[in-house]
Ligand SMILES: Nc1ncnc2c1ncn2[C@@H]1O[C@H](COP(=O)(O)OP(=O)(O)OP(=O)(O)O)[C@@H](O)[C@H]1O
Ligand SMILES: [Mg+2]
């Protein structure tokens, strides 16, 4: 609930302009009145003409013969006409601003609360300031609540982007799995056909053996079986059949291994436990991201891997995978026609580095400052959300690292991720955005 000026208005008795000062002093300074710094002087219509303060009365009465000299004169001769007045509908903040700019020091008067200029009550300046302070602290609470809501909606955004990239990835991987799955299925069908032929041959051979073993069997029977077998062997050469089946088995197990590799990559990649940290080699993350992105990278893009001998670091592998996948996808998307995508890893005594460099179209200098901003994208609607780099930046920052970028229009772009060998205990809040151009 908003504090209201009306709630601050105390019902202090008012005086008429003709009331004598002596009488006013007696009543106002007397004990029967609620303590107030000033008393209103109000005309017959209730309109506030001014105030007389306790401070003024004391001042007059302390003077030698003050009471005798001034006591019989009307209070209107002494009142302050430019007193502090606040209309009842004015918001507390506005009233507080008015009072603090108009009040006199030392504080010797209260403010008069009016309704359309008519007297309503007297408000203490200190109560108004206290109400204001309360309102401000309520505002601060609301602000911090709004901040929390914003943060959580940002987290949701990050989550939905993650799900979207996961969806894209799954579609890519499904496509990847489909190729080996297709030929594994073909091979199995062929093998079914081959084994049916083999069974037929076997059945004929069995019949021949039975005929040979039958004591009542005749040469005619045996000859009949033999010719049936010969007829079939013209169509089905067992030697060739076995060698074909051998090849089919080899191809099939290769296809199954490929499917297995993809499934394993996907499992590693999409581990949903984001906070999960492991000691991992960034080389594994690079290989994983390239495996998953294979579908997105056109065949005309030559991939150059220069993976150095780097130590493992403690990180959340699924998050690092996500960053690398985004960098690799961005690089692949920037290349129109043929080009190169080089991924390099190396380490020094303090950090590990991953560089993702492409020979794509590059980033215009005026865009370079914005690429880490959420929703900044130069891709058509529906193709890019513009969240990839902003999320990547957050992930790397949470790992206490940095992302550097250098780009030249028409030549290409290079992103370098720097991750500390030892992740700081607390999440690092140091600025990690570094869009300075560097030679590449
Ligand atoms: N390697 C790159 N080459 C050229 N431009 C790039 C490269 N990487 C990023 N950009 C530019 O930065 C913008 C922002 O990239 P970001 O990954 O944040 O979003 P996006 O790729 O557009 O969308 P999303 O990642 O959601 O698919 C891109 O739209 C593009 O203009
Ligand atoms: Mg992207």
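Checked against the criterion of being away from ligand 2 (no atom under 16 Å from the Cβ), part of a loop (DSSP other than H, G, I, E, B) and either assigned by TED's automatic domain parsing to the domain that holds residue 286 or closer than 28 Å to residue 315 by Cα (or both), the candidates 400, 386 yield just one match: 400.
So which residues in the stretch 352-361 are within 13 Å of ligand 2 (Cβ to nearest atom) and part of a loop (DSSP other than H, G, I, E, B)? Don't jump to the end; show me each part of the working.
Looking only at the stretch 352-361, we keep the residues that are within 13 Å of ligand 2 (Cβ to nearest atom), and these are 356, 358, 360.
The one that is within 13 Å of ligand 2 (Cβ to nearest atom) and part of a loop (DSSP other than H, G, I, E, B): 360.
Residue 355 - would you say it is in contact with a strand residue (DSSP E or B) (Cβ under 9 Å, 6 or more places away or on another chain) and either within 30 Å of residue 155 (Cβ to Cβ) or surrounded by fewer than 20 Cβ atoms within 10 Å (Cβ to Cβ) (or both)?
Spelling it out, residue 355 is indeed in contact with a strand residue (DSSP E or B) (Cβ under 9 Å, 6 or more places away or on another chain) and either within 30 Å of residue 155 (Cβ to Cβ) or surrounded by fewer than 20 Cβ atoms within 10 Å (Cβ to Cβ) (or both).
Can you name the residue in the stretch 54-73 that is in contact with a helix residue (DSSP H, G or I) (Cβ under 9 Å, 6 or more places away or on another chain) and buried (at least 17 other Cβ atoms within 10 Å of the Cβ) and is also farthest from residue 112 (Cα to Cα) among such residues? If we take residues in the stretch 54-73 being in contact with a helix residue (DSSP H, G or I) (Cβ under 9 Å, 6 or more places away or on another chain) and buried (at least 17 other Cβ atoms within 10 Å of the Cβ), then 66 is farthest from residue 112 (Cα to Cα).
With respect to residue 409, determine if the residue is on the phi < 0 side of the Ramachandran plot, near ligand 1 (Cβ under 8 Å from one of its atoms) and assigned by TED's automatic domain parsing to the domain that holds residue 293. Considered against the rule, which asks whether it is on the phi < 0 side of the Ramachandran plot, near ligand 1 (Cβ under 8 Å from one of its atoms) and assigned by TED's automatic domain parsing to the domain that holds residue 293, residue 409 comes out as no.
Only one residue in 316, 364, 342 is under 19 Å from the mean Cα position of the chain (by Cα) and more than 16 Å from ligand 2 (Cβ to nearest atom), so which one is that?
Values: 364 fails: under 19 Å from the mean Cα position of the chain (by Cα); 342 fails: under 19 Å from the mean Cα position of the chain (by Cα).
Result: 316 is the single residue among 316, 364, 342 that is under 19 Å from the mean Cα position of the chain (by Cα) and more than 16 Å from ligand 2 (Cβ to nearest atom).
No other residue among 378, 349 is in a loop (DSSP other than H, G, I, E, B), out of contact with any strand residue (DSSP E or B) (no Cβ under 9 Å at 6 or more places or on another chain) and within 12 Å of ligand 1 (Cβ to nearest atom) apart from 378. Counting the residues of the stretch 333-351 that are surrounded by 17 or more Cβ atoms within 10 Å (Cβ to Cβ), within 20 Å of residue 282 (Cα to Cα) and without any contact (Cβ under 8 Å) to a residue 60 or more places away in the chain gives 4.
For residue 391, the conditions (1) in contact (Cβ under 8 Å) with a residue 60 or more places away in the chain; (2) within 9 Å of ligand 1 (Cβ to nearest atom); (3) touching a strand residue (DSSP E or B) at 6+ places or on another chain (Cβ under 7 Å); (4) closer than 26 Å to residue 312 by Cβ all hold with the exception of (3). If you check 40, 91 for being under 22 Å from residue 114 (Cβ atoms) and surrounded by fewer than 15 Cβ atoms within 10 Å (Cβ to Cβ), only one passes: 91. With respect to (1) surrounded by fewer than 21 Cβ atoms within 10 Å (Cβ to Cβ); (2) not in a strand (DSSP E or B), the lone exception for residue 418 is condition (2). Do the conditions hold for residue 394, that is, is it at pLDDT 90 or above and touching a helix residue (DSSP H, G or I) at 6+ places or on another chain (Cβ under 8 Å)? So residue 394 fails the test.
The values are calculated or read from the model by the stated rules, or taken from the named source; none is laboratory data. No experiment lies behind these values; they were computed from the predicted model shown. Every residue, glycine as well, gets a Cβ built from its backbone with ideal geometry; the counts of neighbours run over all protein chains shown.
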